[in-house]
Amino acid sequence: MNDRLRGTLELLVLRTLAWGPRHGYAIARWLEDTTSAALRVEDGSLYPALYRMEQRGWIQSDWRRSELGRPAKFYRLTAAGRRQLKKETTEWRAFAAAVATVLEPSL
Amino acid sequence: MSDHDRYDDTGDTTRPLPPEVIPPSMDRRVANELAFHIDMRTRELMARGVPASEARRQAAERFGDLERVAAELNRLERRTDRTVRRTRYIAELAHDWRFALRMIARRRTFSAVAIATLGLGIGAATAIYSVVDSVLLRPLPFEEPDRVAAVWITQPGLSNDPVLSWLANATPMGAREYNALRTDARTLRDLALWSPASITLATDDGPERLEAVRVTSSLLPALRVRPALGRGFAPGEDALGGPRVALVSWDAWTTRYGGDSTLVGRSLLLSGRPYTIIGVLPPGLRIDRTSDPPPFWLPALQDSSDIAERRNRYYRALARLAPGATFADASQEAATIVRAVTADTALSARVEQWQTDESRSARGPLFVLVGAVGLLLLIACVNTAILQLGEAAGRAREMTTRAALGAGSGRLVRQLLVESIAIALASAMLGTAIARAIIRGLVAAAPARLPGIDSVALDGRVLAFTVACATLTGLLFGIVPAIVTGRTGIASLVRLGAGQSGRSTRRVQRLLVASQLALSMVLLVEAVLLGRSLQALSAVDPGFRPVGLTAVSVALPSDVDDDRVRTLVADVVRRLAALPGVERASAAQQIPFLGGASSSALEIDRAGAVGPAPRHTQQRYVDAGYFETLGVRVLEGRPFTADDRAGGEPVAIVSAAEVGRDFGGRSPLGKRVKHQGIWRRVVGVVADTKYRGLAREDEATVYIPFEQYPSGAASFVARGPSSATVEPAIRAILRELEPRATVLQSASVPMLIEKSFAAERYRTVIVGVFGVMAALLTAVGLYGVSARAAARRNREIGIRIALGGTSARVVRLLLGDAMTGVAAGLAVGLPGALLAGRLVRPYLFRIGPGDPASLAAVGALLVAVTAIASFLPARTAGRANPAAVLRGE
């Protein structure tokens, strides 16, 4: 996974968690559904990203009961994560707009 | 039962789980998280119709290299900052605590009983500790208090002498030994003498009797204390013919003289002589913590009797240990010096830490109390453990769920321990309030002799003890249930559905009940032994009839001559006897139990035969009516009469104990005895009377007619009206006959006798109260167990009754169980009680430490308590309606 992809993945995870706490699988499922599997990576690579983000203080985890009753590790956004999401979203938009201008000047 | 149903009652996705269901190790948390992911993926695939094995394969494939990811996550986790981990640990602990508080609040009855039980135990323990702390442990307010030493002469040879045994271990010091030790002892610095003294202070309301203390100039330096105002005694002032100077205590300065700084330099009339006040002592300074701090300090060694009579020893000595010296060194050196200067090889010396010495007599009894309160606390712990174990059975469902969710037994144990400690800390708060009340009682009722009792308080040290005690208590009562629950939680709780508690839980519970009974037995036996010995003590015949007697001691001015004393005393007695309601009145130098006793060597005229050397004998100076007024039986010969006057034939009367000791039990009538250098004819024998304490052996005593040996200290005793009327009457008579005489003390003799065993009563009452508490706690524990047992066997009982069993048989069945427990408890408690009896033996009077009647009484009491505590639930069970029981509720 290259850096850009990793950065993107983190942004998407932050976005996902902006709606509320989720466990890893739910995050993976959401990524699949909303990106129509375009950003498909190996399920396993999601977790190191989550752990790193937790270490940076963007997200926090605790153990809760899953919808089916099993204990699962849930992640949720911290205040720092929320700020990070805002910042990265802005940056991404600027970047995407720049790339778009270059690639499709006719538009 | 679907998964959803099973977990429905324990939580939802919006709340964090209790810590014990989270996998405890990092590896397992990572593995769990990843396994969850793969399981969910598998489910999803299966829901789309993929067969199970294929779904699992695909899920794994989509995940990628599980082991590599797990390894990386573990690596990431390990790298996690330490502070992060610590915060997490604290958060976890905080969670444990919050959860514990929730559980305590939910189980209200159990928590209330447990907190009350432990609060009682902790409160009692705190109160006793606060006394122990202030008497034995807290350092005295001197500089380097552990280097301040009490210095005593000892006379080991006297330890078995009934009259003089009190000198064996602590003989006061005289000027001769003091001077020798001061110049020669290298292990002691600033050796100082002190001695309590009574003085009269001339006030506007007439003479006032005050306590004072005479000290050498080295005393303040020895304590490293400086006067707050003015100066202390200078070397040389504490000598024959030294200046009349005095120091005032801080209290006296502030209360009597309003803190007036011009007091220093002023002259006061003390005992008829002008003294110049040279300084004010710092606040709180006192040498002797067993008595009130004296308002005046005077220089010692100014009396000619200090120097002239070389054998006079009435000073107590203290010193500071020289740097590098030990108490053992100092004892040895002091002994050598004392022997050399007195040429008396029977003497030795003892140098001991000040606080150890002053609390010498208090220590043993205090340890009895410490032991008793320790037992009580232990009983409270066991009791709470029993209750908690019973509670744990009720929590089987909760525990099962947690265990099933993967909580290790360690996690469950930790949660339970946190709960126990939370309960213990709540109990500590209640205990502190209880301790405050108990301390108030302890201090108010304390016999005066306990040093430091007036500074007993709930301070930081004591509170630290309380918290430590509570934490330990929490661990103690929590550990057994925690282990039992932890073990059962994994092994068998899962199997429980019908609400029956585990066999091992019941076994441990029975064990705890038995040990609680055993502990209670030990404490109760101790209480009963002390109680019966107190009863025996108060039933001792003092040898006279105290009821209705009032004693008043009077100090006469020092300048009245013997003839004046004779007429004055006789006049007072005559006037006293003439008062309405007074049956008889007498005078003596000292009255039994009013304090003060003296002895001297008594030589027996053996008509040339060789006998033992003259031995110390108690001496009493009494008037003619004394024996009749007190009701002392004259066994032989006659009492004193009016003819035994000054100038008449010197006569003496001896006590039965003296006849036994010096006359071989044969009649001494007509024999001669030499007392204070005068040969006297023995004219009578009287019954032994107790004089200083009911427990003391009868001492050999010689009575001398007061008329033939008058002294400036006289006491009067009257039989008849209440003490409240006698004292003012004597004051009025004295005002008329000799206004300078002062009343020292006045009390009813029965009250004085009561006071003489106040210390015994004190500790007996305390141990007794602890014993009653122990019995109550035991009853609570038994009741709890029986009620649970009855509830557990509900169904069985229902069937029995349905099949024709009578309720009496059901009651018998349940009682039988309880009685087995009590038998086991008593069997274990018996050796413990015998051991405890051995430990309190020094405080027992006329009762053996293994007294069978006391043991039987306690056994019967505990059986009765058990019977009642188990009968109530059993009766309820026996009355159960079988139909209702069998229907299942």
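Some points to look at:
- Distances between placed amide hydrogens fall under 5 Å for B:TYR314 paired with B:MET173, all partners being 5 or more residues away or on another chain.
- Span from the region B:222-267 Cα centroid across to the region B:751-797 one, whole angstrom: 54
- Separation of alpha-carbon centers, region B:14-87 and region B:821-856, rounded to whole Å: 63
- Relative compactness, chain B, computed as alpha-carbon Rg over 2.2 N^0.38 Å: 1.31
- J(HN,Hα) series, region B:385-390, from Karplus relation 6.51 cos²θ - 1.76 cosθ + 1.60, nearest Hz, glycine and proline x: 4, 4, 4, 5, 5, x
- Each residue of region B:339-350 is assigned a 3J(HN,Hα), and the resulting list reads 4, 5, 6, 9, 6, 10, 6, 7, 8, 9, 9, 9 Hz, derived from the Karplus form 6.51 cos²θ - 1.76 cosθ + 1.60 (θ = phi - 60°), x at Gly and Pro.
- Look at the dipole of the protein assembly as shown built from charges on Cβ: of B:GLN155, B:SER711, B:ALA536, the Cα furthest out on the positive end belongs to B:ALA536.
- For region B:172-346, the relative contact order is 35 percent, taking Cα pairs closer than 8 Å that sit 6 or more residues apart in sequence and dividing their mean separation by the residue count.
- At full extension, B:THR471 and B:SER25 could sit 157.8 nm farther apart than now, given 0.36 nm per residue minus the alpha carbon distance.
- The C-alpha atoms of chain B define a longest principal axis, and helix B:26-47 lies at about 30 degrees to it.
- Approximate spin-label separation B:TRP97-B:ALA433, in nm, with each point projected 7 Å along Cα-to-Cβ: 2.2
- As a calculated quantity, the FRET efficiency between B:ARG645 and B:ALA856 at R0 = 56 Å, using C-beta atoms, amounts to about 0.40.
- For region A:3-103, averaging the sequence separation of C-alpha pairs within contact (under 8 Å, six or more residues apart) and dividing by the residue count gives a relative contact order of 30 percent.
- Long-range amide H partners of B:LEU635 with built H, under 5 Å: B:VAL685, B:VAL686, B:ALA687
- Förster radius 60 Å - calculated FRET efficiency between B:SER455 and B:ASP39, Cβ distance, rounded to 0.05: 0.30
- Mean residue ellipticity (222 nm) of chain B, computed from DSSP H runs ≥ 4 via -39,500 (n - 2.57), nearest 500: -17500 deg cm²/dmol
- Likely footprinting exposure, B:GLU143, A:GLU88, fewest C-beta neighbours within 10 Å first: B:GLU143, A:GLU88
- Using θ = phi - 60° and Karplus 6.51 cos²θ - 1.76 cosθ + 1.60, couplings along region B:787-801 (whole Hz; Gly, Pro as x): 4, 5, 4, 4, 5, 5, 8, 2, 5, 4, 5, x, 5, 4, 5
- Label point 7 Å beyond Cα of B:GLU796 along Cβ direction - residues of region B:817-855 with amide nitrogen under 16 Å: B:817-821
- Enclosing the Cα atoms of region B:89-185 in their convex hull gives a volume equal to 241 cubic angstrom per residue.
- The distance between label points at B:GLU628 and B:ARG75 comes to 11.4 nm (points 7 Å beyond Cα on the Cα→Cβ vector).
- Cα principal axis extents for the protein assembly as shown, largest first, Å: 145, 84, 53
- Look at the alpha carbon pairs under 8 Å that are at least 6 residues apart: their mean separation over the length of chain B gives a relative contact order of 14 percent.
- The amide H of B:ALA212, built 1.01 Å from its N in the peptide plane, has B:ALA197, B:SER198, B:ILE199 as neighbours under 5 Å, considering only residues 5 or more places off or on other chains.
- With all pairs of different C-alpha atoms in the average, the Kirkwood value for the hydrodynamic radius of chain A is 14.8 Å.
- Each label was represented as a point 7 Å from its Cα along the Cα-to-Cβ direction; for B:ASP562 and B:ASP205 these points are 3.8 nm apart.
- For region B:650-715 and region B:282-357, distance of Cα centres in Å: 33
- Residue exposure sequence - B:TYR257, B:TYR178 - by fewest surrounding Cβ within 10 Å: B:TYR257, B:TYR178
- Gain in span if fully extended, B:LEU511 to B:ARG681, counting 0.36 nm per residue against the direct Cα distance: 54.0 nm
- Working value for region B:14-106: equivalent-ellipsoid semi-axes of 33, 20, 8 Å, each the square root of 5 times a Cα gyration tensor eigenvalue, largest first.
- Given their separation in residues at 0.36 nm each and the Cα-Cα distance between them, B:ALA105 and B:ARG231 gain 39.0 nm when the chain is fully extended.
- Least to most buried among A:LEU50, B:LEU463 (fewest other Cβ within 10 Å first): B:LEU463, A:LEU50
- Radius 12 Å from Cβ of B:THR384, net charge of other residues (Lys, Arg +1; Asp, Glu -1): -2
- Overall Cα dimensions of region B:768-889 - principal axes, largest extent first, Å: 62, 22, 17
- Dipole of chain B computed with +1 at Lys/Arg Cβ and -1 at Asp/Glu Cβ about the Cα centre; of B:PHE640, B:GLY390, B:GLY581, farthest Cα towards the positive end is B:GLY390.
Read-outs throughout are calculated quantities, based only on the coordinates presented, and are distinct from any laboratory measurement. Remember, predicted model here, so these are calculated numbers, not experimental data. Glycine gets a Cβ as well: all are built from the backbone with ideal geometry, and neighbour counts include every protein chain shown.
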